[in-house]
1. Mind listing just one residue for me: the one in the stretch 54-82 that is farther than 26 Å from residue 147 by Cα and touching a helix residue (DSSP H, G or I) at 6+ places or on another chain (Cβ under 6 Å) and, of those, surrounded by the fewest Cβ atoms within 10 Å (Cβ to Cβ)?
2. Out of all the residues in the stretch 104-116, which are surrounded by fewer than 19 Cβ atoms within 10 Å (Cβ to Cβ) and among the β-branched types (Val, Ile, Thr)?
3. Mind telling me which of the residues 58, 9, 5, 45 ends up being within 22 Å of the chain's Cα centre (by Cα) and over 24 Å from residue 74 (Cα atoms)?
4. With the stretch 117-162 as the region, which strands (runs of 3 or more DSSP E) entirely inside it contain at least 3 residues that are more than 18 Å from residue 32 (Cα to Cα) and either open to solvent by 10 Å² or more (accessible area, probe 1.4 Å) or modelled with pLDDT under 90 (or both)?
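The values are calculated or read from the model by the stated rules, or taken from the named source; none is laboratory data. Quick caveat: nothing in here was measured; it's all calculated off a predicted structure. All Cβ positions, glycine included, derive from the backbone under ideal geometry; neighbour counts span all protein chains shown. Note: accessible area is taken over every heavy atom of the protein model, side chains too, but ligands, DNA and RNA are not part of it. Shrake-Rupley method; radii C 1.70, N 1.55, O 1.52, S 1.80 Å.
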Amino acid sequence: MVPSNCYLNNDIGLFRRPHELLDALETSSAVLTPHHLHPLPSGSNPDEDVLSRYGTYNVGIIGVSALQEGMNFIDWWGQWLSDPRHLDIHQGFDQIWLNYVPVYCQKTAIIRDPGYNVAFWNLPERELSHNRTSFCVNSSELTAFHFSHFDGLGTEGCLPAVEKCNYPRTMETDPLASYMANLWARHGREECMSWKYGYGSWPDQQIVTNEERKAAMRYWDEIPHESDPWMKDLQFRNNELYPRMHPGPFDRDGTSKTDRRNLIIRILDMTPRRAIHWLQKRRLGS
């Protein structure tokens, strides 16, 4: 038996053991689930144009075995994603890079069972039904439902706001949403909602600004590999890079003048001669 790993996203509801995926991992390096299996109806939102921005495959549920090419992909994927420039919202963050799995792993299996990775974006091709004990999709048992954009209360069924999805609520999506909402409530939803985002602030509790996130990407190649750019040690390891990564109170409170902020950035990034030249141009109104 080949050692293997099955990854589930935190918004995946698992309704039965994923036998098909685990069996496929006995002979495959990786197992993927596509966003959808058939062309979507005309006028659908989301459609292929929208979904293609997030990759062909969904990272909600994937499998990787200990075969060498599977481990090679995991190593590459992890190193690739350690660079924040590869985690762009317009590129589907980490998910878009799953497109390379069938290229890098010749032994890739694709799960086409409609009971896997059911989500609002593929409901037009998957008919939900339920009885007293289980949910079904088409003629298959429901294995994994992706509760993406689910509010945890079930107030909108399993569908997000209309601007993200124009598929209608059905008699089957509401019971599924209620079932999951009750589970979440019993297992600590209220407490979890009170938790703060772990990467939203610096060690001194200051909020990480968008400007600082952009600075991390801009200067990524200059950050020493042995330093953590999100920790204070960067200030001592590289006292020239630190102020560029952390512009200080002029950017933090959002109340400073644009000219003063830009001057500070230029003083940090340029020679004094260029900074003075820029200031003179501002005074002349050019």
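1. Initial filter on the stretch 54-82 (farther than 26 Å from residue 147 by Cα): 66-73, 75-76, 79-80, 82.
Pick out the ones that are also touching a helix residue (DSSP H, G or I) at 6+ places or on another chain (Cβ under 6 Å) and you get 73, 80.
On the way: 73: 22, 80: 14.
Applying the filter and picking the extreme gives 80.
2. The one that is surrounded by fewer than 19 Cβ atoms within 10 Å (Cβ to Cβ) and among the β-branched types (Val, Ile, Thr): 110.
3. Values: 58 fails: over 24 Å from residue 74 (Cα atoms); 9 fails: over 24 Å from residue 74 (Cα atoms); 5 fails: over 24 Å from residue 74 (Cα atoms).
Among 58, 9, 5, 45, only 45 is within 22 Å of the chain's Cα centre (by Cα) and over 24 Å from residue 74 (Cα atoms).
4. Numbers: elements: 128-130, 135-137, 144-146, 155-158.
Strands (runs of 3 or more DSSP E) meeting the threshold: 128-130, 155-158.
Let's see how each residue does on (1) open to solvent by 80 Å² or more (accessible area, probe 1.4 Å); (2) in a strand (DSSP E or B); (3) modelled with pLDDT of 95 or more:
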position	(1), (2), (3)
6	no, yes, no
10	yes, no, no
21	no, no, yes
45	no, no, no
52	no, no, no
96	no, no, no
102	no, no, yes
